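Some notes on the structure that comes next.
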Amino acid sequence: MTAIDPTAHLTAQQIEELGRELDAIRDEVIADRGEKDAAYIRKVISAQRKLELASRGVLLFSVFPPAWLLGTAGLSVAKIMDNMEIGHNVLHGQWDWMRDPKIHSTTWEWDHVSPAEQWKHSHNELHHTYTNVIGKDNDLGYGIMRVDEDQKWHPAHLGQPLWNFLNACFFEYGIAAYDLELGKNLHKRRRKDPEFRARAKAVGRKIRKQVLKDYVIHPLLSGPSFLTTLAATFTANLVRNIWSHSVIMCGHFPEGVQVFERRSIKGETRGQWYLRQMMGSANISGSRAMHFMTGNLSHQIEHHLFPDLPSNRYAEVAVKVRALFEKYELEYVTGPLPAQVFSAWHKVFRLSLPTKKPEVMTPDGHAMVVVQHD
Amino acid sequence: MTSAALRKRAWKLLEMVTTPLLPSDYLDLVSPLRAGADLRGRIEAVHPETGDAATVVIRPGRGWRGHAAGQYVRIGVDVDGRRLWRAYSITSPTDRQDGRITITVKAIPDGKVSNHLVRRATPGTLVQLDQPTGDFVLPPAKPAKVLYLTAGSGITPVMGMLRDVELDDVVMVHCAPRPQDVIFRNELHGLVADKKLRLAEVHSATDGKLDIARLGELVPDWAERETWACGPAGLLDAAEEYWTEHGVRERLRTERFRPRIVVAGDGDGGGGEVTFSATGTTVDADGATPLLDIGEEAGVLMPSGCRMGICFGCVTPLKAGAVRDLRTGEITEAEPGVLIQTCVSAAAGPCDIER
Ligand code: FES
C-alpha cells in the first residue's frame, strides 16, 4: 500500500473509459485469432518434445562431459519451455478456442510436481482474480514473506532472503505446497479434512511420478551414466526452478508495483479491475528469445489484463497497452531482467527488516495508505 | 508371462519414462496414422468436381475399420485454427485397393468446413476421423429394382453405393440447378452409356423443382422399387408423405443432411429453455444471465472459479443448442467436444448443458 495513490488523478468515468478501451484491444485479438496462432502453439509443443527427447537421448552418454553439458542445457531449456510458454499458458485456457482436446486446459498436464488441476485453482482463480490484494492473493510473498511496508514485521521475516532463495531452488515444490495451502492446512483439524487429504494425495502421486522419472528411470536407462544423468536432471530442474522463480518475482515484486487492501476491491467495476491489474504487474524488457523463454510472462501486465489471450499475441498487444498507460498518465513498470530481479530481491531484503509506517498523513492526522477506487 | 502381459508391462514402463506426457504424445510426432493412435486421416488430394464441389482423398489411419457403401464419416477439420466436426458421406467404393477413402463436399454458402475443404484444404493436412456409421446402406441381399432419388450433394452416399455394388435394375432421379451443377455427371453418363444405370436429371433452374406427385412420369414403376432418397429436407418430407400415401412407406429409406437443430435466437437477446442433462433439470433462461447463475439457481452443482471469464474453472460441455458470449456477443453452437465458460455465456436459444 503506497502512501500515494498513483491512480488518484483518474476520475471514475476515466477508469471506465479505460476499461472499454482495453476491452476493444481484447476483442480485436479475439476476432483475429486463427490458423497462424494454432500453428504457433503446435510448433512450440512439437519443438519442446523433440528437444526433450534429444536431450534425454544425449544424457544416456553423459559420462562424457560434453554430452553432459549439451544434454543438461537442452533438458533445462525443454523444461522451461514446458512450464512457461506451454504449460502456464495452456492451463490458462489460452488455447481452448482451438477445440483440440490435446491442447486444452482441461486435459493438459505439465512437468511440474503440482498437479495441473490444483495449480489452475490457486493460480488462475485466486491469484488472477485477486491480484496483489493482501490477504487474498497468496502469490504475494507466497505466505512466507513480507512484501509490503504495511504488512506487520515479525522477527521471522529476518530470514526471508534465505527462504526466498530456497524457494527459488525448489520452486516447483514450493508451488505445490502453496497450491495445497500447506501452512493453513497443517493445523490438526484441517489436516483431517477429506478434501485436503485427497488433494495432498494427488500431489504425492504427482511427486512420485516426477521423481521416479527424473531420478530413477532415466538414470537407470543410462546404465554406466547413471550418476551423471542423475546430476544432469537435478541440474535441469534447478535451472528451471530458479529461472521461473526469477521471472515470476519480476511480475509483481519489483519496486513501483502496487498492492491493494482487501476492502479496496469491494464492488470493483470492470474498469477498476483492469486498473488494479495494470498497477499490480510489471514487465521485463528484452529480445524475442527472452520473451519466449519467460513464456511471455515478460508481458506480465498484458497477461494480467488478458490472461486468456494466446501468449504469442502479448507482444503486439503491449504496444497498445503501453499507449494507454501513457494516455492515462500511469507508470508502466518494466526493465531488463537483471534490473527487475535485482529490484525484487532488493525489496525482499529491505522488508526483512522492520520499516517505518508511511509518513504521508491525511489532514486529520491519520496515515493515508489505501489505494482505493470507490 | 504371456506376451500381452509383457507388452502391458513394457507400456507401463514407457509411461513412466514419458510422464507427465504419454508415449503416444511422442509417437504422434512421427507416426500420427499408426495403429493404436487416435483415429486420424491425411488428406492426399483434392479433386474439383463442379464449381463448388470437390472430392477429398483421405488416407485413414491404421485403426480405420472400413465402411459400408452409403455410410458417412464424421471428420474434424481445423478451420482458422479451430477444430470443427462435420459428417460427410463416403463416396469411394469399399474395396478400394489403396486403402484410401473419398468424401465429396459441396461448398454451401457460409459453410465454414465445406468451403475450407473445397477451396483451401491442401494435401498433407491431418484431419480427425470417427469410425464410419449410418444405416443408409443396401441390404445384404441385392434388391431386384432400385430407385435412387437424390438432389444436390444428396448424391454423395448414393454414389458410394453405385460405385460399390452393381445392381441389375437401377433408376436414378437426380435434381440439381443446372447440368454443370451435377456432381459426378461424367461418371453417371458413363454408367448410362454402359447400360448400368437409367438416369433422369431434373434441372431445377430450367425445369423447376421436382414435383414428387409427377415422379410417376419419370419412373412409372417407382412404387415397386426399393428406394434410397437423400437430399434437402423439403424433398425428403414430400417423398415420405407420398410413399406413405401410396402405402409403400417401407420401401423408402431416407438420409437427411445434418439438421441444424438449433438456431441462435435472433437479435432480441436470445434466451431459451436450458436443460442440465446430467441432473435432468430444465429451466427457462433469459439471454443476459450467465448460465452459471442459471444453473446454481436451479440447484445444479456448477463448477466455478473467478466468475468473470478468466480462470476457466467453469468450463462445461455444451451438448446441444447455442450460447452467446456475454463479453463479445459471439455465438457458440453445440458440437461434440465444445466446452463453454458458463460464467460468461448466456443461452442463445434452447440449449443443453452437461451438468
Ligand atoms: S468461473 Fe472463471 S472462467 Fe468461468
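Considering only strands (runs of 3 or more DSSP E) fully contained in segment B:42-105, which possess at least 2 residues that are β-branched (Val, Ile, Thr)? Step through it out loud before you land on a result.
Values: elements: B:53-60, B:72-79, B:82-89.
Here the list reads B:53-60, B:72-79.
How many residues are part of a helix (DSSP H, G or I) and either surrounded by fewer than 18 Cβ atoms within 10 Å (Cβ to Cβ) or β-branched (Val, Ile, Thr) (or both) if we restrict to segment A:1-18? Even if it seems obvious, please write down each step before you answer.
Going residue by residue through segment A:1-18, those that are part of a helix (DSSP H, G or I) are A:12-18.
Subset that is either surrounded by fewer than 18 Cβ atoms within 10 Å (Cβ to Cβ) or β-branched (Val, Ile, Thr) (or both): A:12-17.
Matching residues across segment A:1-18 total 6.
Within segment A:1-39, which residues are facing chain B (nearest Cβ under 9 Å) and out of contact with any Gly (no Cβ under 6 Å at 6 or more places or on another chain)?
The first filter runs over segment A:1-39 and keeps only residues facing chain B (nearest Cβ under 9 Å), leaving A:23, A:26-27, A:30-31, A:33-39.
Once the filter is applied, which keeps residues that are facing chain B (nearest Cβ under 9 Å) and out of contact with any Gly (no Cβ under 6 Å at 6 or more places or on another chain), segment A:1-39 yields A:23, A:26, A:27, A:30, A:31, A:33, A:36, A:39.
Applying a threshold of 6 Å to beta carbon distances and a minimum spacing of six or more residues, or different chains, the list of pairs starting in segment A:261-285 at a residue that is under 14 Å from residue B:306 (Cα atoms) and ending at one that is open to solvent by less than 50 Å² (accessible area, probe 1.4 Å) and among the small types (Gly, Ala, Ser) reads A:270/A:19.
Among the residues of segment A:82-95, the ones that are farther than 13 Å from residue B:21 by Cβ and touching a residue at least 60 places away in the same chain (Cβ under 8 Å) come to 9 in all. A single member of B:256, B:178, B:198 is at pLDDT below 95 and surrounded by fewer than 16 Cβ atoms within 10 Å (Cβ to Cβ), and it is B:256. Identification of strands (runs of 3 or more DSSP E) wholly contained in segment B:276-355 with 2 or more residues that are within 14 Å of another protein chain (Cβ to nearest Cβ) and either within 11 Å of the ligand (Cβ to nearest atom) or under 21 Å from residue A:121 (Cβ atoms) (or both) yields B:315-325, B:339-341. For residue A:116, the test of being of a type in the set (A, V, I, L, M, F, W, C) and within 16 Å of the ligand (Cβ to nearest atom) is passed.
When we screen B:118, B:77, B:127 for residues that are more than 14 Å from chain A (Cβ to nearest Cβ) and touching a residue at least 40 places away in the same chain (Cβ under 8 Å), the only hit is B:118. Looking only at residues in segment B:6-48 that are within 12 Å of another protein chain (Cβ to nearest Cβ) and in contact (Cβ under 8 Å) with a residue 24 or more places away in the chain, the one that is most open to solvent (accessible area, probe 1.4 Å) is B:38. When the criteria are applied in full, residue B:87 fails the requirement of being away from chain A (no Cβ under 14 Å), out of contact with any Cys (no Cβ under 8 Å at 6 or more places or on another chain) and at pLDDT 95 or above.
Here is a yes/no grid of residues against (1) aliphatic (A, V, I, L, M); (2) within 16 Å of the ligand (Cβ to nearest atom); (3) part of a helix (DSSP H, G or I):
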{"site": "A:112", "(1), (2), (3)": "no, no, no"}
{"site": "A:120", "(1), (2), (3)": "no, yes, yes"}
{"site": "A:126", "(1), (2), (3)": "yes, yes, yes"}
{"site": "A:139", "(1), (2), (3)": "no, no, no"}
{"site": "A:160", "(1), (2), (3)": "no, no, yes"}
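Answer yes or no: is there a residue in segment A:75-93 that is in a loop (DSSP other than H, G, I, E, B), closer than 21 Å to residue B:309 by Cα and within 14 Å of chain B (Cβ to nearest Cβ). Looking through segment A:75-93, at least one residue is in a loop (DSSP other than H, G, I, E, B), closer than 21 Å to residue B:309 by Cα and within 14 Å of chain B (Cβ to nearest Cβ). The set of residues from segment A:216-236 being more than 12 Å from chain B (Cβ to nearest Cβ) and open to solvent by 10 Å² or more (accessible area, probe 1.4 Å) comprises A:223, A:224, A:226, A:227, A:228, A:230, A:231, A:234, A:235.
So which residues in segment B:27-39 are out of contact with any Asp or Glu (no Cβ under 9 Å at 6 or more places or on another chain) and outside any loop (DSSP other than H, G, I, E, B), if there are any at all? Break it down stepwise before answering.
Initial filter on segment B:27-39 (out of contact with any Asp or Glu (no Cβ under 9 Å at 6 or more places or on another chain)): B:27, B:29-31, B:33, B:35-36.
Scanning segment B:27-39 gives B:27, B:29, B:30.
In segment A:37-50 there is no residue matching the filter, namely being part of a helix (DSSP H, G or I), farther than 20 Å from residue A:88 by Cα and open to solvent by 20 Å² or more (accessible area, probe 1.4 Å).
Would you check which residues across segment A:173-209 are aliphatic (A, V, I, L, M) and assigned to a helix (DSSP H, G or I) and list them? It would help to see each step written out before you state the result.
Here is the first cut: in segment A:173-209, the residues aliphatic (A, V, I, L, M) are A:175-177, A:180, A:182, A:186, A:198, A:200, A:202-203, A:207.
Within segment A:173-209, A:175, A:176, A:177, A:182, A:198, A:200, A:202, A:203, A:207 qualify.
If you filter segment A:126-169 down to residues that are open to solvent by 30 Å² or more (accessible area, probe 1.4 Å) and within 14 Å of chain B (Cβ to nearest Cβ), you find that the one that is farthest from residue B:305 (Cα to Cα) is A:136.
Every residue in segment A:317-338 that is hydrophobic (A, V, I, L, M, F, W, C) and without any contact (Cβ under 8 Å) to a residue 12 or more places away in the chain, please. Let's see the steps before the verdict.
As a first pass, look at segment A:317-338 and keep what is hydrophobic (A, V, I, L, M, F, W, C): A:317-319, A:321, A:323-325, A:330, A:333, A:337.
Across segment A:317-338, the qualifying residues are A:319, A:323.
Taking segment A:128-137 as the range and being within 16 Å of the ligand (Cβ to nearest atom) and either in contact with a His (Cβ under 8 Å, 6 or more places away or on another chain) or over 17 Å from residue A:151 (Cβ atoms) (or both) as the test, the residues that pass are A:128, A:129, A:131, A:137. The single residue among B:81, B:66, B:61 that is surrounded by fewer than 23 Cβ atoms within 10 Å (Cβ to Cβ) and touching a Phe, Trp or Tyr at 6+ places or on another chain (Cβ under 9 Å) turns out to be B:81.
Looking only at segment B:84-114, filter to residues that are closer than 15 Å to residue B:47 by Cα and open to solvent by 40 Å² or more (accessible area, probe 1.4 Å); which one of those is farthest from the chain's Cα centre (by Cα)? Out of the qualifying residues, it is B:100. In this structure, is residue A:173 hydroxyl-bearing (Ser, Thr, Tyr) and closer than 23 Å to residue A:257 by Cβ? No.
The values are calculated or read from the model by the stated rules, or taken from the named source; none is laboratory data. It should be emphasised that the depicted structure is a prediction, and the values quoted were computed from it without experimental measurement. Glycine also receives a Cβ, built like all others from the backbone with ideal geometry; neighbour counts cover every protein chain displayed. The area values use the complete protein model at the heavy-atom level, side chains included, leaving out ligands, DNA and RNA. Shrake-Rupley method; radii C 1.70, N 1.55, O 1.52, S 1.80 Å.
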